[in-house]
Amino acid sequence: MITVLSGGVGAARLLRALSGVMDPSELCAVVNVGDDLVLHGLTICPDLDTINYTLAGLNNDELGWGLRGETWRVNEELAALGGESWFRLGDRDLATHLYRTQRLAEGATKSQVTAELSRRWGVAVRLLPVTNDPIATEFDTEIGRLSFQEYFVRHQHDVRVHSVRVRDVEAARPTDEVLEALRGAERIVIAPSNPIISIDPILQVPGVREIVRRRSDDVVAVSPIINGVALKGPADRLLFELGHEVSCVGVADVYSGLVGRWIIDEADRDQTSALEERGLDVRVTTTVMARSDDARRLAEAVLA
Ligand code: FO1
């Protein structure tokens, strides 16, 4: 079994690539739920949905979230009513949130609902929310405290961040399946997701960081920063604003003590010795997964 600590798009692409070179039922994704929100009374889990949709081949590639072939009639009507329409829920995507919300109201856990959705879509990879307890990533910014999606979507991550915290994480418990997936994996992979707002909320769930640290020789991380830039999202800007070096070495320092092997992009080959000085085993390959042969090569490097 291979266990992948996962945020949204970057993790979804890596999981899809890994599914192409190994038995997907031997793959587990431990998924961030710090972005989850309740809106219009509906529970929405962006990272879980992005991964499920991608592995099912249903994802909207242009947007990077949501379903392909989406229409927006409900959101347009909502906007016309003056309702909260800045977080756009597509007509097809809404069915997922309605289904999840109803099942949660019936007493199912987020893990159970995720497994039901995966089964329905024929996704063999096991998607495990890191916890079934409610946690919420929030930001102290130049314009005050913002929830995750206020920062990310409403303000397009274009406000200066002073600090990030994960509300209620101290009281959260990782699920038993997550603990098993971390303890029993041949290898733990840290996906090229945002280290601060996708991976750190997973590591902050009590017990998770300790297991990863204990198993650091078996931990492989793929750098989300290439040549000082994040492929998508605000990872580069957040690293800078929170005082880290904006490079694959800066990310390695954020994960200090947790990782044995680093996979970096060809563009960062000159960073190899700085990483090796930190005791890391470094592999260099193309880490951009836009082309399927590159994605396959990255997956093979992760498993090598
Ligand atoms: N991202 C946007 O930039 N704008 C949106 O309106 C938006 C809506 C949305 C609805 C459901 C969903 O699952 C995700 C959605 N996202 C949207 C993406 C998402 O909020 C972020 O990309 C992640 O939370 C960051 O990983």
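The values are calculated or read from the model by the stated rules, or taken from the named source; none is laboratory data. Because the structure is predicted, anything quoted here is derived from the model rather than measured. Note that we place each Cβ from the backbone using ideal geometry, even for glycine, and neighbour counts take in every protein chain shown. Surface accessibility is based on the protein's heavy atoms, side chains included, excluding ligands, DNA and RNA. Shrake-Rupley method; radii C 1.70, N 1.55, O 1.52, S 1.80 Å.
Overview of values
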read-out	value
Any hit, region 133-146, residues being more than 13 Å from the ligand (Cβ to nearest atom), open to solvent by 50 Å² or more (accessible area, probe 1.4 Å), touching a residue at least 60 places away in the same chain (Cβ under 8 Å) and closer than 25 Å to V251 by Cα	no
Residue match in region 63-79 (condition: in contact (Cβ under 8 Å) with a residue 12 or more places away in the chain, among the hydroxyl-bearing types (S, T, Y) and at negative phi)	yes
Conditions (1) part of a helix (DSSP H, G or I); (2) open to solvent by less than 20 Å² (accessible area, probe 1.4 Å); (3) among the small types (G, A, S): number failed by A79	(2)
Long-range neighbours under 7 Å by Cβ, at least six apart or interchain, first residue within 15 Å of I188 (Cα to Cα) within region 256-268, second in a strand (DSSP E or B) and polar (S, T, N, Q)	I263/T285
Check on V74, surrounded by fewer than 21 Cβ atoms within 10 Å (Cβ to Cβ) and at pLDDT 95 or above	yes
Index of the failed condition, G233 passing every other in (1) more than 18 Å from the chain's Cα centre (by Cα); (2) buried (at least 17 other Cβ atoms within 10 Å of the Cβ); (3) modelled with pLDDT under 95; (4) not acidic (D, E)	(1)
Entirely in region 190-304, the helices (runs of 4 or more DSSP H) that have 2 or more residues that are under 16 Å from T3 (Cβ atoms)	200-203, 208-214, 292-303
Residues of region 35-63 classified as crowded, with 16+ Cβ neighbours inside 10 Å, near the ligand (Cβ under 9 Å from one of its atoms) and part of a loop (DSSP other than H, G, I, E, B), total	3
Which listed residue, of E245, E241, E177, E210, is surrounded by 15 or more Cβ atoms within 10 Å (Cβ to Cβ) and without any contact (Cβ under 8 Å) to a residue 12 or more places away in the chain	E245
Hits in region 11-24 - residues which are in contact (Cβ under 8 Å) with a residue 60 or more places away in the chain, assigned to a helix (DSSP H, G or I) and either more than 10 Å from V123 (Cβ to Cβ) or within 15 Å of the chain's Cα centre (by Cα) (or both)	A11, R13, L14, L15, R16, A17, L18, G20, V21
